[in-house]
Amino acid sequence: ARTIRIPVHMIETINKIIRTSKRIFQEEGRNATPEDIARELNMPVEKVRRVMRAALEPISLETPIGDDDDTHLKDFIEDTTVPNPEEVIARRMLRQKILEVLDTLSPKEKEVIIYRFGLNDDGVEYTLEQVGKMFNVTRERIRQIENKAIKKLRHPMRAKYLKDFLENF
């Protein structure tokens, strides 16, 4: 019995592929390629490959690895829901350097840049309109403040500070 149910039509296709593969091996003395099977069955090569992958027997994540029974296959599978610690540290360090550079701006410019580019704790990038409401000014005024701040940040001395950090990272 299979762990994962495969539809009947797929089982029939798998069996056709297996029979064709065995026949080619008996007649030609070599393993059949997906191209050989596709040609014999008049079916697209990609479909043959897809069906052959579906035919593979699944392996349990509880399968022991090595000599002892303490280590299982699941122990080697990366948990993609947990952030990579190196990336977390790198982001924190980069954020800290960016905030240090932003300290060279006026308080209002710094806050506008932080809100507009999501550098605050919630990571949300606010629109010109939203930031304008926070400061009780128009979105056009926020755009002007943002442009002025970005122009200052492009100054070679400020840009060099971040560039040096990123090159050594």
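A straight line joining the Cα centroids of the range 100-120 and the range 52-89 runs 42 Å. Here the simple spin-label model places points 7 Å from the Cα toward Cβ, and for PHE76 and LYS163 these points are separated by 4.5 nm.
Computed from Cα positions, the angle between helix 139-153 and the longest principal axis of the chain comes to roughly 90 degrees. The charge dipole of the chain, taken about its Cα centre with unit charges on the Cβ atoms of Lys, Arg (+1), Asp and Glu (-1) only, comes to about 1300 debye. Net charge of the neighbourhood of VAL51, taken over other residues with C-beta under 12 Å away and scored Lys/Arg +1, Asp/Glu -1, is +3. Once the Cβ-Cβ distance of ASP67 and VAL88 is raised to the sixth power relative to R0 = 25 Å, the FRET efficiency obtained is 0.10. Under the convention that each Lys and Arg Cβ holds +1 and each Asp and Glu Cβ holds -1, the size of the dipole of the range 85-167 around its Cα centre is about 460 debye.
Based on the alpha-carbon gyration tensor of the range 1-90 and its eigenvalue square roots a ≥ b ≥ c, which shape applies: rounded if a/c is under 1.5, prolate if not and a/b is larger than b/c, or oblate? Note, shape of the range 1-90 comes out prolate. Note on the range 85-167: Rg/Rh from C-alpha atoms, Kirkwood Rh, equals 1.00. With distances taken between every two different alpha-carbon atoms, the chain has a Kirkwood hydrodynamic radius of 22.5 Å.
Compute the helix-to-body angle for 156-167: its Cα long axis versus the longest principal axis of the chain, expressed 0 to 90° and rounded to tens. Once rounded, one gets 30 degrees.
Seen against the Cα atoms of the chain and their longest principal axis, helix 45-55 is set at about 80 degrees. The trypsin sites (Lys or Arg not before Pro) found in the range 68-158 that occupy coil by DSSP, while having at most 14 further C-beta atoms within 10 Å, are ARG154.
When the Cα positions of VAL101, ILE142, LEU162 are compared along the charge dipole of the range 85-167, ILE142 comes out farthest toward the positive end, with charges on each C-beta of Lys, Arg, Asp and Glu.
Only the coordinates and a few stated rules stand behind these numbers; no lab work does. Owing to the predicted nature of the structure, the values given are computational and were not obtained by experimental measurement. Virtual Cβ from ideal backbone geometry, glycine too; neighbours counted across all protein chains shown.
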